[in-house]
1. Is there any pair with a first residue in region 84-100 that is under 24 Å from residue 123 (Cβ atoms) and a second that is surrounded by 10 or more Cβ atoms within 10 Å (Cβ to Cβ) and of a type in the set (Val, Ile, Thr) whose Cβ atoms are under 8 Å apart and which are 6 or more apart or on different chains, and what are they?
2. Within the set of pairs 6 or more residues apart or between chains, which connect a residue that is touching a residue at least 12 places away in the same chain (Cβ under 8 Å) and surrounded by 19 or more Cβ atoms within 10 Å (Cβ to Cβ) inside region 174-189 to a residue that is assigned to a loop (DSSP other than H, G, I, E, B) and of a type in the set (Ser, Thr, Tyr) with Cβ atoms less than 8 Å apart?
3. Among the residues of region 50-67 satisfying the criterion of being in a strand (DSSP E or B) and of a type in the set (Ser, Thr, Tyr), which is nearest to residue 34 (Cα to Cα)?
4. Does residue 315 count as of a type in the set (Phe, Trp, Tyr), within 22 Å of residue 54 (Cβ to Cβ) and either modelled with pLDDT of 95 or more or touching a strand residue (DSSP E or B) at 6+ places or on another chain (Cβ under 6 Å) (or both)?
5. Can you tell me how many residues in region 59-96 are loosely packed, with under 12 Cβ neighbours inside 10 Å and in contact with a strand residue (DSSP E or B) (Cβ under 9 Å, 6 or more places away or on another chain)?
6. How many of the residues making up region 284-308 are at pLDDT below 95 and among the β-branched types (Val, Ile, Thr)?
7. For residues that are closer than 29 Å to residue 53 by Cα and among the basic types (Lys, Arg), scanning just region 97-136, find the one that is surrounded by the most Cβ atoms within 10 Å (Cβ to Cβ).
8. Residues that are touching a strand residue (DSSP E or B) at 6+ places or on another chain (Cβ under 7 Å) and at pLDDT 90 or above: list the helices (runs of 4 or more DSSP H) wholly contained in region 97-178 that include at least 3 such residues.
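The values are calculated or read from the model by the stated rules, or taken from the named source; none is laboratory data. Computed from a predicted model, the values in this text were never measured in an experiment. Quick reminder, even Gly has a Cβ in these numbers, built from the backbone with ideal geometry, and neighbours come from all protein chains shown.
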Amino acid sequence: MSEATETVAAAPATRELPIEFRATGGEYFRIWIVNLLLSIITLGIYSAWAKVRRLRYFYGNTSLDGASFEYHGRPIAILKGRIIVVGSYLVYVTAARLWPSIWLQLLLLPVVIFGVPWVVVRARRFQMRMTSWRGLRFNFHGRYGGAMGAFVGWTVLAGLTLFILYPMALWKQVTFLATNTAYGSERFKFHTTVGRFYEFCLIALGISFGAGLILALLLGIVGVAALFSGALPAPGSPPAPPDPAAVLGLMAIVMPFYLAFFLLVNAYYRASFLNASIGGVSVGPHRISSRLKFGPLLGIFFTNLLGIVFTLGLFYPWAKVRMLRYQLANTSLIATGDLGQFVADQEAGPGAVGEEAADFFDIDFGL
């Protein structure tokens, strides 16, 4: 056998492993309605247990290569975070009654600036450490300084440049979250370039601008029609109270177009963002593929909205499951080599749990 043949034979096989999602809207509805009722009866206290029950259902019904994901979060840890959030909100409401708004905003500005990165790091760390696959947990090694730069520094720069640097700020944030995430001791890598973020952000901006022009033109046409029909007072004439029927008629004409444009932009941006973010991640020799298309996503957005509106919110569990099923059906792992061996190597490697466990406050902020 030649050297070239031996090299080809020794190359690890590459295969695409789909993510399977077995949850159903009917099953989730039963979980959701019980969670909702118990959260109302307990004045929100049960919401921590409700979150654990919900995530365990979704994780347990999501599998890769025949093995389901697991969620290990505890309700008490989640309740701690929610008590802090609610307590902070009550302090803000009380302070708003005691001090003028301008002074309160100046006082809260440094709290927000220095607090957001801390919350991001803690929430992400909790989320990853409470997730496992094949008995091996994920981890997050992000530090406060990195979060400060990505989520505060670059956001400020984006604002100062009239959001010209917004795609760069978004790329920095995704890069921070991705490259500090690990499966066992193997850190994720992020390969998507900042140019791709600029591409889909500019296209989304162009779609928004075009939709805005069309909506403005439509408003002008409807306004002129209302003027000639007498629904609006003529220029220079004394103002008259608006005709409720005319106002409702104008809203009935304009709102469907506004809603359609909003869903269009949102579907394109969401599909592009997830493809660029999730599809740019690799772990070890394996990489993730994301192939969402904004057309089907737009259809799901629209039908989910109709279902929720016409059922007064009861369709929400089916809407949630439909959205997750589409996203996961178009996400897969391009595996190079045997995943079983990769997991075994991670279990045997040093630091699979991580020395940072001692620095873990065990608080979930719901991010």
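1. That search, which allows pairs on different chains as well, returns 84/363.
2. 174/192
3. This residue is 62.
4. Yes; evaluated as a whole, the condition is true for this residue.
5. 1
6. Result for region 284-308: 0.
7. By that ranking, first place goes to 125.
8. 101-129
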